[in-house]
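Q: Encoded as structure tokens, here's the structure I'll be asking about.
The values are calculated or read from the model by the stated rules, or taken from the named source; none is laboratory data. It should be emphasised that the depicted structure is a prediction, and the values quoted were computed from it without experimental measurement. No Cβ is skipped: glycine too gets one built from the backbone with ideal geometry, and neighbour counts run over all protein chains shown. In case anyone asks, the SASA skips ligands and DNA or RNA and just uses the protein heavy atoms, side chains included. Shrake-Rupley method; radii C 1.70, N 1.55, O 1.52, S 1.80 Å.
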Amino acid sequence: MNFLNPAVLIGLISAAIPLILHLLNLRKLKNVEFSSLQFLKEMQKNKIRKLKLKQIILLILRTLLIASIVLAFARPTVNGTIPGFETFAKTSAIFIVDNSFSLDLSDENGNRFNQTKKIISSIMTSMQDGDEAVIIEMANKSNDKQYAFSRNADYLQAELDNIKIIYNPGDLNHSLVQAKKLLDDAMNFSKEIYIITDAQLNIFAQSEINKIEAKYVNVYFIPVGFNSKADIKNYSVDSLNVITRIVQLEKPVEIDAKIKNNSFLSVNGLIADLTFNKARVAQRSVDLEAGKSKYVTIAAAPSAAGVVNAAIELEHDAFDADNKKYFGFIIPEKPDVAIFGEKNARSFINMAINAGGGIDNFAKTANYSANEISSINLSQYDLIIVANGNYNSSDFARLRQYVSNGGNALIFATDETEFKTFASGLASLGFGNAEVKEFSQSQPSQFTTTDKIHPLFDGVFKIDNDSRKVVESPKIYKTIAVHGGQSLIEIGSGYFLSENIIDDGKVLYCAVQPNTEWSNFPMTGMFPAIVIRSIAYLASRPAISYNFELGQNNQIIIPKKYCTGNNFKIVDPDGNEFLRQTVMLSSGAVLELDDILVPGVYTVYNSSNIVVALISFNLQSSESDFTKIGKSAIIDSLNRRIITPANLAFIENIDDIK
């Protein structure tokens, strides 16, 4: 015989209460003889014997009544072959099945997800008439998934057969909360929870724990592969970082990938491939000690403009799901650049662009005189370069509006505009405290600090321990230096090159003219480098690429300059399209992406069919950790989550619960 609530048996102590009361009533009394009653003694002996017999029978009945009540609450069950006594009490059972992608691993007993299904099928075969069950998917946190008990064994088996691996980690907390809600509505008094999982650390590692009350509930934890002795060879790409911050056509894009050996043996010559749009473009080999990680740098140059769906991929092993990490970027088309200014200044700028690969190859340029800025539609250009010329306040107002709406500008100092107007125009763009400074031929001003880690200088300077260390400087004789915006290059009198962001656009300011009247800057190698890098930096869209992990509450904000409506088209890694409606805020459109289930690069288009975002979804690296957790640690973790279960059992052998 078994008891579902054996703790209640302690109440059998109360069965002694009638006996104690009986004994107290039998305490010896003092006898007082009355002569008139002496002759009645013989008459009462028979009646007293009958009374004592009744008292003993009543004592037995009271004791049995209390014991029966206690035993009833202890819920005795019999498991045998005697007819009428061969089954347990009717049961409501919940199966929490781990269908995270780590279960797709195989060991000496076969695929672990198939092992999980066999365990559940085996338990369900013992279900009898009146029993009910439900299967909860641990890795499926969708609010659209509704669970309900069923007494139909065929239906439950079909439900089990239809469960698929999901590219999310298991969430034990969420599953237990769902189980508690179901048990509150269960029809049967006997309640059971079966947790079948590979017992990875990540299902116990949630920072917030939702404790559930499980009084009168039996909880069985069944770890799949817990006793496996297989030597599983598994290597994973744990993370990656795109080092190159401004990507350009036919310029190397450098990626830093973290490769991990999750096996017990070292590996030599493990191959890592870099692919662009499914074509292999570079390859590296790596040696890894057992259980160790190593960062590998790999690079390749894109050969065509547009969207690039990229990945780092390892060769085949025992668990392929974690062999690949995705990322994406956009190689911009040749930017449309409008250059305003006097002819001599524009000629220096055009020569610098030619040095970067030629006007036809690097950028599409249009040259205008300074006074044409008021009549040209600036919005048709990706960026504006403003050089020497006579500009008025309305020109700066138009320029600010252009930048605010998502345009970009590079502005050089000029002495042909009235200084007060020029200083006021710079202030409207975020560059305040403009001041004219002149220096002698014998003691020219020079660079004092340079922000070499800014994306503008990506690949231009060798990064050392001092990221602000001065670089080779031109000789500067006159400047209109400022003290506003973010400093990129400084001289003694202020900022030589600075940046400011206005709403959705960026603007750079250079404190000298693009000619040789104020400095020898245009004659140095720094001038074409800064002009070319400024165009590449201003024309790039670095905020367009996002990298998320599946199973998280992911969302992005699409800048309002790309919002031509609140409906966006999303193309998944297989080319399938679906629409997603967004919530519009003052800063842009909020796109919710917490229901994505398949890894890869997703491309988001606005209603004008312009790419507004590339979103890479990757698997959580914690699923690659197959380190076994001790039995005691698992029991302790379950005890922190489940309050007062009737029975909490760690089952290593399925036969133990049949």
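Q: Charges at C-beta only: +1 for Lys and Arg, -1 for Asp and Glu. How large is the resulting dipole of the chain about its Cα centre, in Debye rounded to 20? Please list the in-between numbers first.
A: Numbers: 64 positive and 70 negative charges, 770 e Å.
Dipole magnitude for the chain comes out near 3700 debye.
Q: Order CYS563, CYS510, most accessible first, counting only protein heavy atoms with a 1.4 angstrom probe.
A: These residues rank, largest area first, as CYS563, CYS510.
Q: Given the Cα-Cα distance of ALA305 and GLU416 and 0.36 nm per residue of separation, how much length would full extension add, in nm?
A: Taking ALA305 through GLU416 to full extension adds about 36.0 nm, to one decimal.
Q: Between MET351 and SER142, 0.36 nm times their residue separation minus their Cα-Cα distance comes to what?
A: This chain segment gains 69.4 nm when fully extended.
Q: Taking R0 as 30 Å, what's the FRET efficiency between SER121 and GLU315 from their Cβ-Cβ distance, rounded to 0.05?
A: Efficiency computed from Cβ-Cβ geometry: 0.25.
Q: What nm value, rounded to one decimal, do you get for the distance between SER424 and ALA67 when each label is placed 7 Å out toward the C-beta?
A: Roughly 10.5 nm, to one decimal.
Q: Considering only protein heavy atoms, with the full assembly of protein chains and a 1.4 angstrom probe, order LEU65, LEU614 by accessible area, largest first. Provide the component values of the computation, followed by the final result.
A: Numbers: LEU65 110, LEU614 0 Å².
Heavy-atom accessible area, descending, gives LEU65, LEU614.
Q: Summing Lys, Arg as +1 and Asp, Glu as -1, what charge do residues with Cβ under 10 Å from the Cβ of VAL242 carry, VAL242 excluded?
A: -1
Q: Report the antiparallel proportion of the DSSP beta bridges in the chain as a percent, rounded to a multiple of 5.
A: Numbers: 84 of 134 bridges.
Percentage antiparallel, nearest 5: 65.
Q: Which distance in nm do the two modelled labels at ALA205 and SER285 give, with both placed 7 Å along the Cα-to-Cβ direction?
A: 3.2 nm
Q: Take the alpha-carbon centre of segment 592-643, take the same for segment 105-154, and report the distance between them in whole Å.
A: 22 Å
Q: A follow-up question, please. Per DSSP helix of 4 or more residues, -39500 (n - 2.57); summed, then divided by the residues of the chain. What does that give at 222 nm, rounded to the nearest 500?
A: -7000 deg cm²/dmol
Q: Is there a pair in LYS191/LYS211; LYS278/LYS364; LYS251/LYS334; LYS324/LYS631; LYS364/LYS561 whose C-alpha atoms are over 24 Å apart, and which pairs would that be?
A: LYS278/LYS364; LYS324/LYS631
Q: Another question, then. Specify the inter-centroid distance of segment 428-445 and segment 397-412, based on alpha-carbon positions, in whole Å.
A: 22 Å
Q: Among 336-342, 104-110, what's the highest-first ranking by average C-beta atoms within 10 angstrom per residue?
A: Details: 336-342: 22.3, 104-110: 15.4.
Per-residue Cβ counts within 10 Å, averaged per peptide and sorted highest first, yield 336-342, 104-110.
Q: What accessible surface, in Å², does a 1.4 Å probe find on PHE329, ignoring ligands, DNA and RNA and rounding to the nearest 10?
A: Approximately 10 Å² of PHE329 is accessible to the 1.4 Å probe.
Q: May I pose another question? Along the Cα-to-Cβ line of ARG541, 7 Å from the Cα, sits a label point; which residues in segment 319-358 have backbone N less than 16 Å from it?
A: 328-336
Q: Estimate the FRET efficiency between ILE165 and ASP185 by the formula 1/(1 + (r/R0)^6), using the beta-carbon distance for r and 25 Å for R0, to the nearest 0.05.
A: Efficiency at R0 = 25 Å is approximately 0.30.
Q: Continuing with the same structure: Assuming a ≥ b ≥ c are the square roots of the Cα gyration tensor eigenvalues, decide whether segment 387-460 counts as rounded (a/c under 1.5), prolate (otherwise, with a/b larger than b/c) or oblate.
A: The shape class here is oblate.
Q: While we're looking at this one, here's another question. Return the Rg/Rh value of segment 99-228, two decimal places, where both radii are evaluated on C-alpha atoms and Rh is the Kirkwood radius.
A: Rounded to two decimals, Rg over Rh is 0.94.
Q: Once neighbouring chains are kept in place and the probe is 1.4 Å, which whole percent of the accessible area of the chain is contributed by carbon and sulfur?
A: 52 percent
Q: Further, regarding this structure: What is the distance, in nm, between label points placed 7 Å from the Cα along the Cα-to-Cβ direction at ASN647 and at GLN443?
A: Between ASN647 and GLN443, the label points sit 9.4 nm apart.
Q: Please compute the Kirkwood hydrodynamic radius of segment 489-576 from all pairs of different C-alpha atoms, in Å with one decimal.
A: 17.2 Å
Q: Something else now. Please compute the Kirkwood hydrodynamic radius of the chain from all pairs of different C-alpha atoms, in Å with one decimal.
A: Radius from the Kirkwood sum: 31.5 Å.
Q: On alpha-carbon atoms, Rg over Rh for segment 252-352 using Kirkwood Rh?
A: With Rg and the Kirkwood Rh in hand, the quotient comes to 1.24.
Q: Quick one: length gained pulling ARG151 to ASP572 fully straight, 0.36 nm per residue minus the C-alpha distance?
A: Fully extending the segment from ARG151 to ASP572 adds 147.6 nm.
Q: Just reorder SER519, SER428 by solvent-accessible area, largest first, 1.4 Å probe, all chains present.
A: Numbers: SER519 0, SER428 45 Å².
Descending order: SER428, SER519.
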